[in-house]
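Colleague: First the structure, which I've put down as structure tokens, then a few questions once you've had a look.
The values are calculated or read from the model by the stated rules, or taken from the named source; none is laboratory data. Note that the structure is predicted; figures quoted are calculated from it, not measured. No Cβ is skipped: glycine too gets one built from the backbone with ideal geometry, and neighbour counts run over all protein chains shown.
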Amino acid sequence: MYIDNIDLVKSIVTRYFTVSDVFLDAGILTFNVYDEDIKEKFRNLYRELKQYDLIPTATKEDGRILVRVFPKPRIEPPIPRTRTLPLILFIATLGTIAIDGYLRSSTTVYEIITLKTGFIDRFLDALLFAVSLIAIIGIHELGHKISAKIDYMESSPPYFIPGIPTMIPTFGAVIFQKSPIINRDDMFDIGVSGPIAGFLVSIGVLILSFMTARWVPITEYEVIQEQVTRVGGLFLPPPLIFYLARPLFGRPDMVPLFTIVGFAAWLGMLITALNLFPAWQLDGGRIFRSFLSSRQHRIAGYISVVILAVTGYFFFAILILMMMPRTPDIPPLDQVSPLSKGRKTAIILVIAILVLTFVPLRFF
């Protein structure tokens, strides 16, 4: 890889760093710098070199901090760049979710739980379900998008993925990153921003679920549970946050029976939890890679696979396991600067959210 104007690069790098030596390492322009705290200096260097289609990296080797400068590689987007495709996928996903909601609200189980049988009731519940779930997923991706913009990283619009009604109404959405991650702080931010945003929306949907629920005495709940089981239905195990939220609505001797909006809240919490596991393909992969070494992160990924498999997410665990060897470890450009103390403390919040939202489908 060849850099046209070496003198220009030297002048830019020496403007931000105290350089003790400049040399070519395997043909790569390399600077040995004295500076210890390089986080902001490196960020500013990246922003300036970016204008010339150049990318810097910073590593610590044998006690020396080395800044290398590379020409920016040309990367073809995995999906053709069209303005209409994200909109088409969004509409299609909204459709599959709405159809799923209507079909779920048209079952005998739903009639037993809610006592709703009319078309208008079913239609409104399906609409509310679709809006709630699309908001959870959309705001989740918007969190990533805003974080990327704040950290000067280019990213694509969200691509929603339609699902299969009555099974999985949507497979979520993805945003393709067009720029490298500058440092560990940015890696943490872009990883945590989506789950936090989606979690907050899920809390709103959860509150709405309790407000629209049908509250019945415990004795009546047991009778309804038997009726649902008799026609082939089942009650999903709720995450911990459902139990903690219930006392806020009073009625200690009553049990809430949710409409399908409750299912949207359940899915929202599950999406949040699964994304926080430290496997590289998930948001949690970036969160935990921001302070773990490559080896530690891979071990954490295998532990995640085991936990998911034994708690009922066997096929999801197998999918992650199959993808792990094919997913390269992509460290930030600045591998010298550590994660900030505030973000290290926020790891506790991430783990707390995971505990609150995870739904074991079965126990060990």
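Per-residue answers, yes or no, for (1) aromatic (F, W, Y); (2) surrounded by fewer than 19 Cβ atoms within 10 Å (Cβ to Cβ); (3) touching a Pro at 6+ places or on another chain (Cβ under 7 Å); (4) under 30 Å from I38 (Cα atoms):
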residue: M187; (1), (2), (3), (4): no, no, yes, yes
residue: L206; (1), (2), (3), (4): no, no, no, no
residue: A213; (1), (2), (3), (4): no, no, yes, no
residue: F235; (1), (2), (3), (4): yes, yes, no, no
residue: P239; (1), (2), (3), (4): no, no, no, no
residue: L244; (1), (2), (3), (4): no, yes, no, no
residue: P256; (1), (2), (3), (4): no, no, no, no
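Colleague: Okay, moving on. Of the residues that sit in segment 100-115 and are in contact (Cβ under 8 Å) with a residue 40 or more places away in the chain and out of contact with any strand residue (DSSP E or B) (no Cβ under 8 Å at 6 or more places or on another chain), which one is surrounded by the most Cβ atoms within 10 Å (Cβ to Cβ)?
Modeller: S105
Colleague: Now for a different question. Within segment 88-128, work out how many residues are over 24 Å from I175 (Cβ atoms) and either hydrophobic (A, V, I, L, M, F, W, C) or within 19 Å of the chain's Cα centre (by Cα) (or both).
Modeller: Going through segment 88-128 one residue at a time, the tally reaches 13.
Colleague: Let me ask you something else. How many residues are in contact (Cβ under 8 Å) with a residue 24 or more places away in the chain and assigned to a helix (DSSP H, G or I) when one looks only at segment 289-300?
Modeller: 4
Colleague: Can I ask one more? Name the residues in segment 206-241 that are part of a helix (DSSP H, G or I), out of contact with any helix residue (DSSP H, G or I) (no Cβ under 7 Å at 6 or more places or on another chain) and under 30 Å from A98 (Cβ atoms), would you?
Modeller: Selection gives I207, M211, Y221, Q225, T229, R230.
Colleague: Same structure, new question: Would you mind stating whether F188 is under 15 Å from the mean Cα position of the chain (by Cα) and outside any helix (DSSP H, G or I)?
Modeller: Against the criterion (under 15 Å from the mean Cα position of the chain (by Cα) and outside any helix (DSSP H, G or I)), F188 does not qualify.
Colleague: Further question: Given the condition touching a His at 6+ places or on another chain (Cβ under 6 Å) and crowded, with 17+ Cβ neighbours inside 10 Å, answer yes or no: does some residue in segment 289-305 qualify?
Modeller: yes
Colleague: Could you give every pair whose Cβ atoms fall below 6 Å, whose first residue belongs to segment 20-34 and is farther than 17 Å from D62 by Cβ, and whose second residue is hydrophobic (A, V, I, L, M, F, W, C) and at pLDDT 90 or above, counting only separations of at least 6 or pairs across chains?
Modeller: V22/F31; L29/V69
Colleague: Still on this structure, I have one more. Among (1) surrounded by fewer than 12 Cβ atoms within 10 Å (Cβ to Cβ); (2) in contact (Cβ under 8 Å) with a residue 12 or more places away in the chain, where does R43 come up short?
Modeller: In the conditions (1) surrounded by fewer than 12 Cβ atoms within 10 Å (Cβ to Cβ); (2) in contact (Cβ under 8 Å) with a residue 12 or more places away in the chain, R43 misses (1) alone.
Colleague: If a residue has to be in contact (Cβ under 8 Å) with a residue 12 or more places away in the chain and under 22 Å from L354 (Cβ atoms) to count, how many in segment 211-247 make the cut?
Modeller: Residues that pass the stated criteria total 10.
Colleague: Could you check segment 312-353 and list, in sequence order, the residues that are assigned to a helix (DSSP H, G or I) and either within 30 Å of L54 (Cβ to Cβ) or assigned by TED's automatic domain parsing to the domain that holds L66 (or both)?
Modeller: Listed by number, the residues that qualify are R326, R343.
Colleague: Test I348 against the criterion of being out of contact with any Lys or Arg (no Cβ under 9 Å at 6 or more places or on another chain) and either surrounded by fewer than 21 Cβ atoms within 10 Å (Cβ to Cβ) or not hydroxyl-bearing (S, T, Y) (or both), and give yes or no.
Modeller: yes
Colleague: Next up: Can you tell me which residue is modelled with the lowest pLDDT among those in segment 134-162 that are closer than 21 Å to V201 by Cα and small (G, A, S)?
Modeller: It comes out as A148.
Colleague: Give the residue that is nearest to R68 (Cα to Cα), with candidates limited to residues of segment 29-52 that are of a type in the set (S, T, N, Q) and modelled with pLDDT of 90 or more.
Modeller: Checked segment 29-52; the qualifying residue nearest to R68 (Cα to Cα) is T30.
Colleague: Which residue, of L24, L49, is among the aliphatic types (A, V, I, L, M), outside the structural domain of D151 (by TED's automatic domain parsing) and loosely packed, with under 15 Cβ neighbours inside 10 Å?
Modeller: L24
Colleague: Only one residue in P195, P169 is in contact (Cβ under 8 Å) with a residue 40 or more places away in the chain, surrounded by 23 or more Cβ atoms within 10 Å (Cβ to Cβ) and touching a strand residue (DSSP E or B) at 6+ places or on another chain (Cβ under 6 Å), so which one is that?
Modeller: P169
Colleague: Consider A279 carefully, then state whether it is buried (at least 17 other Cβ atoms within 10 Å of the Cβ) and either assigned to a loop (DSSP other than H, G, I, E, B) or of a type in the set (F, W, Y) (or both).
Modeller: When the stated conditions are applied, A279 passes them.
Colleague: Restricting the search to segment 26-64, which residues are within 21 Å of I330 (Cβ to Cβ), in a strand (DSSP E or B) and out of contact with any Phe, Trp or Tyr (no Cβ under 8 Å at 6 or more places or on another chain)?
Modeller: T59, K60, E61
Colleague: Answer yes if at least one residue in segment 69-89 is modelled with pLDDT of 90 or more, under 28 Å from S155 (Cα atoms), of a type in the set (D, E, K, R) and out of contact with any Lys or Arg (no Cβ under 7 Å at 6 or more places or on another chain), and no otherwise.
Modeller: No, the conditions are met nowhere in segment 69-89.
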